[in-house]
Amino acid sequence: MRNMTSRLKSLGTSSGFTEADKEILVKIVKHAQWLGISGAKGPWAKFLATIDRCLPECHDPSKRPWNVLASFLETWREEKDLEIIKRVREYLNFRKTADMLEATEEWPDYPEEKLARRTRQHPLFSRDYNFPSYHEDWVRSELVRAKDLSPTPNLLALDCEMALCEDGTMQVVRVCLVDRNLQTVIDTLVRPSKTVKEYKSHITGVTAEDLESVTVTQTDIQTKVKGTLSPGTIVIGHSLFNDLRALHIDHRRVIDTAYLFPIRNRPQVWSPALRDLCKLVLGYDFRDDAKPHDCLEDAKIPMKIALHCIKEGLKPLTIPDEIDEAVLSKLLIHKVPKGIRLEELKYLFPRGTSFEFQEVDKETNSDSKYFSTYAVFSSKEVANNAFNQLRSPATEDITGRLQKIVFVRSRFQHKNASRISVVVRKMNISSRCLEVPRDTPGENPHSIVESKCSGVETAEGSLLAMETKISGLETGTESISVTSKEVVGSKRSRTEDEVEEQPDILHVQGLKKKKKKSVASSVEFRSVEGEKSRVKLARESKTVSQKSSKKKNTKKRKRSNAKKK
């Protein structure tokens, strides 16, 4: 035990932590929640119940004092669990060093560097490229200083095709890498290490038969790709974070073609599809929707677009407004706790409203506590009417689509249990959110527009407002844009940092079943403001009732004492 305590101190647990280490502690405890780690007093939730019986349901580590987090780490005994502390420290040191270099180094004005810097300055970069590389099976590329960069940096374009595994995760089945001369560096099939639920061959072009004799493993391809990332290498791709996340590679020097162009008729954070970019920038179509994706071609197109920007510069684009009627006839229901059944979601809409549920193909992450589904109506008018009848205020998400947060109570849920919120969102963009960026004609590769908001706005206040909106409306169950990976891998995997705290969700399945007289009375929808008002009114009524009861009891005692005298 003494050796174990010494080991704990050497890794920096509570005896070495201070209030300044709150960020590290939060990261460690969230990761422990993610892995289900238990200490001598049980997992995090049970540990909280032993030290705080007043608020044991508040499981969010960021809302707990640092010394409580440190005390939880003191209960750890397994060597493999203690190693997490070391990995998280190394990860945070890596991130802080990278941020310091980004802020203090005098980066050269090479066109390639400007495109990479433009990608890093996109409002969504810090969210999408926030990889959990403190996990055991992740690798990180080396950081580089500005003085060590070459005038012609090594450029590599990456694309992966992925299959859906039984546990809900995605694994690569084909990986392609090309250089700036469009020569193939890697083009290989990869054998999944998990049981595959669906190969999605109609999209990936890869079947189970294609992989029968493949010997390249997930670790093999990770090592091979990592070996090509020499210091200073810039990796190019479209929504590249999906590919890097699937490979478990944390690489910060990237050019993401989904982040480069200002779009005249779309919200500020809208990411255009790769096919649209190819048509608008390169002038030709490269994909037939009736055929599977060509992984090698999907790697070459972003490289061609990046090389075009290096030579010709960036110009604002206008995306054609072509939205299928079938798409507008849907409503997306997302952030649905996994304890909720589709049958219970039927009562979101008024009685008599006919619709069907449709699976969201992008749902790929088994670790998420939420799922999403489409409600498909007979027409867009019926869908709009159903949305308008939801009794909750409408707001715009970061993509400019209207959404409503509504509450649903399961008919089998106890009447005193907390209601559970879901988000219902329309498929079309609100005209109020469209912004027209400044035209930037005649740009050359040495005068590429630099902007913190993808060439639309440069004011610091606008960037701050956008980042605030992003953090507040993160949906986590869908990609914010239609990209080249419309179905497979288009969703960003959620990490434990992004799982919002909803303790009531964890008890949905274990609640006592109770039948109601009518289905209508078993389902309630209230706005957030209405719910707060109801709780406040109930508290005030309870207080008044208690005071009144106390006065009556006092009068009774006085009368009783008077009679005795």
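Of the residues making up segment 252-292, those that are more than 22 Å from Phe241 (Cβ to Cβ) and in contact with a Phe, Trp or Tyr (Cβ under 9 Å, 6 or more places away or on another chain) are Lys279, Leu280. Annotation note: of Ala116, Ala103, the sole residue that is out of contact with any strand residue (DSSP E or B) (no Cβ under 8 Å at 6 or more places or on another chain) and either of a type in the set (A, V, I, L, M, F, W, C) or over 30 Å from Val26 (Cα atoms) (or both) is Ala103. The criterion of being in a strand (DSSP E or B), within 29 Å of Phe371 (Cα to Cα) and either under 29 Å from the mean Cα position of the chain (by Cα) or free of Cβ contacts under 8 Å to residues at least 24 places away in the same chain (or both) holds for Cys160.
Taken over segment 56-79, the criterion of being within 27 Å of the chain's Cα centre (by Cα), in contact (Cβ under 8 Å) with a residue 40 or more places away in the chain and in a loop (DSSP other than H, G, I, E, B) is satisfied by Glu57, Cys58, His59, Asp60. With the structure loaded, tell me whether Ser150 is modelled with pLDDT of 90 or more, of a type in the set (Gly, Ala, Ser) and surrounded by fewer than 21 Cβ atoms within 10 Å (Cβ to Cβ) or whether it fails that test. The answer is no for Ser150. Quick check on segment 91-105. Is at least one of its residues closer than 15 Å to Glu23 by Cβ, under 26 Å from the mean Cα position of the chain (by Cα), at pLDDT below 90 and in a loop (DSSP other than H, G, I, E, B)? So far as segment 91-105 goes, no, none of its residues is closer than 15 Å to Glu23 by Cβ, under 26 Å from the mean Cα position of the chain (by Cα), at pLDDT below 90 and in a loop (DSSP other than H, G, I, E, B). Screening Trp34, Trp44 for residues that are under 23 Å from Tyr134 (Cβ atoms) and modelled with pLDDT under 85 leaves exactly one candidate, Trp34. Being in a loop (DSSP other than H, G, I, E, B) and more than 20 Å from the chain's Cα centre (by Cα) is the filter here, so list the residues in segment 138-155 that pass it. If the condition is that a residue be in a loop (DSSP other than H, G, I, E, B) and more than 20 Å from the chain's Cα centre (by Cα), then Ser141, Glu142, Leu143, Val144, Arg145, Leu149, Ser150, Pro151, Thr152, Pro153, Asn154 are the ones that fit. From the list Leu25, Leu11, the one residue that fits, being in contact with a Leu (Cβ under 6 Å, 6 or more places away or on another chain), at pLDDT 85 or above and closer than 23 Å to Glu136 by Cα, is Leu25.
Check segment 264-280 and report whether any residue there is among the charged types (D, E, K, R), surrounded by fewer than 19 Cβ atoms within 10 Å (Cβ to Cβ), in contact with a helix residue (DSSP H, G or I) (Cβ under 7 Å, 6 or more places away or on another chain) and under 30 Å from Ile186 (Cα atoms). Scanning segment 264-280 turns up no residue that is among the charged types (D, E, K, R), surrounded by fewer than 19 Cβ atoms within 10 Å (Cβ to Cβ), in contact with a helix residue (DSSP H, G or I) (Cβ under 7 Å, 6 or more places away or on another chain) and under 30 Å from Ile186 (Cα atoms). When restricted to residues that are outside any strand (DSSP E or B) and not hydroxyl-bearing (Ser, Thr, Tyr), segment 394-409 contains 4.
Considered as a group, the residues in segment 264-296 that are small (Gly, Ala, Ser) and more than 25 Å from the chain's Cα centre (by Cα) include one that is modelled with the highest pLDDT, and that residue is Gly283. Set side by side, the residues Arg180, Arg174 differ, and just one is among the charged types (D, E, K, R), closer than 14 Å to Asp243 by Cβ and touching a residue at least 24 places away in the same chain (Cβ under 8 Å), which is Arg174. Looking only at segment 250-263, decide whether some residue is acidic (Asp, Glu) and modelled with pLDDT of 90 or more. For segment 250-263, residues acidic (Asp, Glu) and modelled with pLDDT of 90 or more: present.
The values are calculated or read from the model by the stated rules, or taken from the named source; none is laboratory data. All values reported here derive from a predicted model rather than from experimental measurement. Note that each Cβ is placed from the backbone with ideal geometry, even for glycine, and that neighbours are counted across all protein chains shown.
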